[in-house]
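K.L.:
Pasting in a structure now, in structure tokens, and then I'll have a few things to ask.
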Amino acid sequence: MTTRSFGTRAGLRITVEIPDEWAHRIRKPLDRIRRRQERHGPRATSGPATTAQEGQLLFGDHRMLRTVEREPSAGLAFIEGRISTLEAATENCSEPQTLQEQVDALPWYHTIDLPGGVVTPGAFDHRDLVARYGIPASLAKRAVLDVAAADGFWSFEFERRGGRVTALDIATTDDIDLPGPVRALADERALSTSLRNGFDLARSARRSRVTPLTKSVYDLDPGVDGLFDLVHAGDVLLHLRDPLRALEQIRAVCTGELLLSDVFDPGLVGDGLTRYTGGWHTAGWWLPSLDTLAQMVLDAGFASVELVTTYMLAIQGSTWGPWRAVIRARA
């Protein structure tokens, strides 16, 4: 692992941990954004970072294109996985009594420590990463919004530090940004699958006072939902058709800082670059370059961005996963 630091200018501190295999390709992450801020100020976000010439093919020679046919059912794999887990639990334990039995009856996104030594078998375990996020030791008297809270790992961490936490997430699979062909194949049972069962159980087991807020990030409204000193958004932009719109809504309710953790592609070097994945696999739509991810945050109206760290987190049972950047932005 290679660590590069590019100092602090115009509110932008650039320290990047780079996999050795990419070190020769990533020379100055976010450098163009930093220079633009120096010339025009931190709020200078007019226009995209790069502009394509008329008729320019951005992704190679058109003669390389081939007819591609998608199998829509592949996009339902993650939905069907949740249903099969629930069905198996129902068959094996129709009336769960103990906390462990209740945990075993649900699919889990987060690994969470619960009372009595019970640990949820989450697809992702963030426990060893908390120290790298630079979260203040005390969040006392601060209003915190956890966007896309899922099972609530980060919500409970912010609460442990004294924050008044609101955990926002959608209610069912039907609320996910799915491609039309995938949605057309999903039956009513698949679309009505609850996404908040794990959060509800963990909140109850921990006797947490985190406030649940069930709605889309697109629908955040400062007049209805209030304002927040700290907003955390983890692994949500990649699942949205319109990530910039989501960031704009987050900015509307954020009066202090945004702590954003989301995926980026270290193979895309430069601003204005994004890999489109179309929402077909686990409802993932986008894989931007690091520069593009930072520029989107600025374009949403935040005054400055700071790259806190990068890390690779694999799903449980795998040895590889997408790279994520943790970005702190100031309103």
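The values are calculated or read from the model by the stated rules, or taken from the named source; none is laboratory data. Everything quoted here is computed from the prediction, not taken from an experiment. All Cβ positions, even for glycine, are placed from backbone atoms using ideal geometry, and neighbour counts span all protein chains on display.
K.L.:
Would you check if Arg161 is touching a Phe, Trp or Tyr at 6+ places or on another chain (Cβ under 7 Å), at pLDDT 95 or above and surrounded by fewer than 18 Cβ atoms within 10 Å (Cβ to Cβ)?
P.N.:
no
K.L.:
While we're looking at this one, here's another question. Assess whether Leu244 counts as being among the aliphatic types (A, V, I, L, M), assigned to a strand (DSSP E or B) and either touching a residue at least 40 places away in the same chain (Cβ under 8 Å) or closer than 16 Å to Glu306 by Cα (or both).
P.N.:
no
K.L.:
Continuing with this model, one more query. When you go through Gly278, Gly301, Gly267, Gly272 one by one, which is the residue that is touching a residue at least 40 places away in the same chain (Cβ under 8 Å), of a type in the set (Gly, Ala, Ser), farther than 26 Å from Val144 by Cβ and touching a helix residue (DSSP H, G or I) at 6+ places or on another chain (Cβ under 7 Å)?
P.N.:
Sole residue among the options that is touching a residue at least 40 places away in the same chain (Cβ under 8 Å), of a type in the set (Gly, Ala, Ser), farther than 26 Å from Val144 by Cβ and touching a helix residue (DSSP H, G or I) at 6+ places or on another chain (Cβ under 7 Å): Gly272.
K.L.:
Please go through segment 130-158 and give me each residue that is crowded, with 23+ Cβ neighbours inside 10 Å and part of a helix (DSSP H, G or I), ordered by number.
P.N.:
Matches in segment 130-158: Phe153, Trp154, Ser155, Phe156, Phe158.
K.L.:
Here are some residues: Asp221, Asp229, Asp262. Which one is closer than 30 Å to Gly162 by Cβ, acidic (Asp, Glu) and buried (at least 19 other Cβ atoms within 10 Å of the Cβ)?
P.N.:
Asp262
K.L.:
Which of the residues that make up segment 247-267 are more than 21 Å from Gly134 (Cα to Cα) and not in a helix (DSSP H, G or I)?
P.N.:
Of everything in segment 247-267, those that are more than 21 Å from Gly134 (Cα to Cα) and not in a helix (DSSP H, G or I) turn out to be Asp265, Pro266, Gly267.
K.L.:
Out of Ser194, Ser204, which single residue is among the hydroxyl-bearing types (Ser, Thr, Tyr), at pLDDT below 95 and either surrounded by fewer than 18 Cβ atoms within 10 Å (Cβ to Cβ) or within 22 Å of the chain's Cα centre (by Cα) (or both)?
P.N.:
Just a single option satisfies the conditions, and that option is Ser194.
K.L.:
Sticking with this structure for a sec: Just give me the residues in segment 112-128 being in contact (Cβ under 8 Å) with a residue 60 or more places away in the chain and either out of contact with any strand residue (DSSP E or B) (no Cβ under 6 Å at 6 or more places or on another chain) or surrounded by fewer than 14 Cβ atoms within 10 Å (Cβ to Cβ) (or both), in sequence order.
P.N.:
Of everything in segment 112-128, those that are in contact (Cβ under 8 Å) with a residue 60 or more places away in the chain and either out of contact with any strand residue (DSSP E or B) (no Cβ under 6 Å at 6 or more places or on another chain) or surrounded by fewer than 14 Cβ atoms within 10 Å (Cβ to Cβ) (or both) turn out to be Ile112, Leu114, Pro115, Val118, Thr120, Pro121, Ala123, Phe124, Asp125, His126.
K.L.:
Considering each of Val269, Val253, Val305 in turn, give the residue that is of a type in the set (A, V, I, L, M, F, W, C) and surrounded by fewer than 22 Cβ atoms within 10 Å (Cβ to Cβ).
P.N.:
Just a single option satisfies the conditions, and that option is Val269.
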